[in-house]
Amino acid sequence: MISEDAVDSGLEMIWSSLPKRGSKPPSGSVDLEKWFSPKVVSQLSRLRQSIEAIPGGPTERFFKTCFSAVVSRVGLTDPTVPVPVRIDTDRKSLTKNQRKQRKQWLVDRSTADVFGLFELFVAENFERLKLLSEQCTAPKAAVFEDARTAPGDCLVDLVISSPPYGSAQKYIRSSSLNLQWLGMARSGLRDLERQSIGREHFSHSERVEIDSPLPSSKALLNKIGKVNPLRRHIATTFLIEMRDALSRTCSRLKSRGHLVLIVGNNTVCGHTFDTQNYLTEICEMLGLELQLRLEDHIRSRGLITKRHSTAGLISKETILLFKKTP
Ligand SMILES: C[S@@+](CC[C@H](N)C(=O)[O-])C[C@H]1O[C@@H](n2cnc3c(N)ncnc32)[C@H](O)[C@@H]1O
């Protein structure tokens, strides 16, 4: 947990070492200068250089998280689409109000005050951390790259996770602009995507024969495979990788500890992919007991792509509470 003093002195350091001019944005597969106005590119680049000077550790990660939130707010990207798509004010299907709103977004985002937004997000996020420390005594947080290989061996009382959807969200593409601004995508996004559970891209050499860890999923996977073998491979890989992630999670839970999962079903090749039941089965195989199941209706998070009609809309999420049996 970071202290208020650490945040204050970090901010002081950032503002006092802010360079007068921005350098070129970090390299990667995206041309960042096409996705942000020149004024915003310059401010982001100055801020980024200044944050880089903060010594590595929790405070630096906190500032980088806030920086990434600013990036999401100031790109010339349509905020209603999860992956980066330019704001289009001319689309024929837009109503008069939608057109007006998009024009306003373009103005706001081209002229954004990056430094002011950064201060605001730092303050808001620090308030959230303070709330957490009011609710838990001495909360500790760890940052790791992959849930399946999370380091450490101390046991915890509670894990809350919103794991990836099975092949319904393009997580790495959605955050590609943020990843590049953070300097995490210099050699492209492919390696990051390979670590991402629920990914959709597999080269031919990666598409080897694999088997689902869940007998109850096999009939559906066979049906999917008849329509689209790649979709079957994606869905099977998802179940295998979620089993590995949940296995690691479960091994870190104390006896009688709890796991909360927020999960949504989706549709694959026109069939309901019952992620919540599959993950429940995996958890039960790992020695967890389902205690409670709640449903939450959400605004649609369907994919806006040509596959939309077969990928389906996600209209509700389920909150599952498990207890580790002694
Ligand atoms: C349903 S989203 C949850 C987002 C989260 N609630 C948030 O606000 O950031 C699932 C998240 O899991 C992440 N993810 C995918 N593969 C992962 C892995 N191997 N280890 C850890 N996280 C992963 C995705 O990038 C995505 O951000």
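Every number in this text was worked out from the coordinates using simple rules, so none of it is lab data. Please read all numbers here as calculations on a predicted model, not as lab measurements. Cβ atoms come from the backbone with ideal geometry, glycine included; neighbour counts cover every protein chain shown.
Numbers below:
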{"read-out": "Identity of the residue in segment 47-82, in contact with a Pro (Cβ under 8 Å, 6 or more places away or on another chain) and either within 23 Å of residue 105 (Cα to Cα) or polar (S, T, N, Q) (or both), that ends up surrounded by the most Cβ atoms within 10 Å (Cβ to Cβ)", "value": "75"}
{"read-out": "Residue within segment 161-176 that is of a type in the set (A, V, I, L, M) and more than 10 Å from the ligand (Cβ to nearest atom) present", "value": "no"}
{"read-out": "Where a residue in segment 147-163 is more than 19 Å from residue 288 (Cα to Cα) and of a type in the set (Gly, Ala, Ser) and its partner, wherever it lies, is within 9 Å of the ligand (Cβ to nearest atom) and in a loop (DSSP other than H, G, I, E, B), with Cβ under 6 Å and at least six apart", "value": "150/144"}
{"read-out": "Among the residues listed as 249, 275, 237, 267, the single one being out of contact with any strand residue (DSSP E or B) (no Cβ under 6 Å at 6 or more places or on another chain) and either within 16 Å of the ligand (Cβ to nearest atom) or free of Cβ contacts under 8 Å to residues at least 12 places away in the same chain (or both)", "value": "237"}
{"read-out": "Qualifying residues in segment 35-63 (those that are assigned to a helix (DSSP H, G or I) and among the β-branched types (Val, Ile, Thr)) - the one nearest to residue 18 (Cα to Cα)", "value": "51"}
{"read-out": "Matching residues in segment 36-56 - criterion: being among the small types (Gly, Ala, Ser) and either more than 18 Å from residue 77 (Cβ to Cβ) or in contact with a Gly (Cβ under 6 Å, 6 or more places away or on another chain) (or both)", "value": "42, 45, 50, 53, 56"}
{"read-out": "Pick from segment 133-146, criterion more than 9 Å from the ligand (Cβ to nearest atom) and free of Cβ contacts under 8 Å to residues at least 60 places away in the same chain, ranking: surrounded by the most Cβ atoms within 10 Å (Cβ to Cβ)", "value": "136"}
{"read-out": "All positions within segment 64-82 that are under 16 Å from residue 181 (Cβ atoms) and in a loop (DSSP other than H, G, I, E, B)", "value": "75, 76"}
{"read-out": "Counted residues, segment 147-160 - those being within 12 Å of the ligand (Cβ to nearest atom) and surrounded by fewer than 15 Cβ atoms within 10 Å (Cβ to Cβ)", "value": "2"}
{"read-out": "One residue from 196, 217 being among the polar types (S, T, N, Q), out of contact with any His (no Cβ under 8 Å at 6 or more places or on another chain) and either free of Cβ contacts under 8 Å to residues at least 60 places away in the same chain or within 16 Å of the ligand (Cβ to nearest atom) (or both)", "value": "196"}
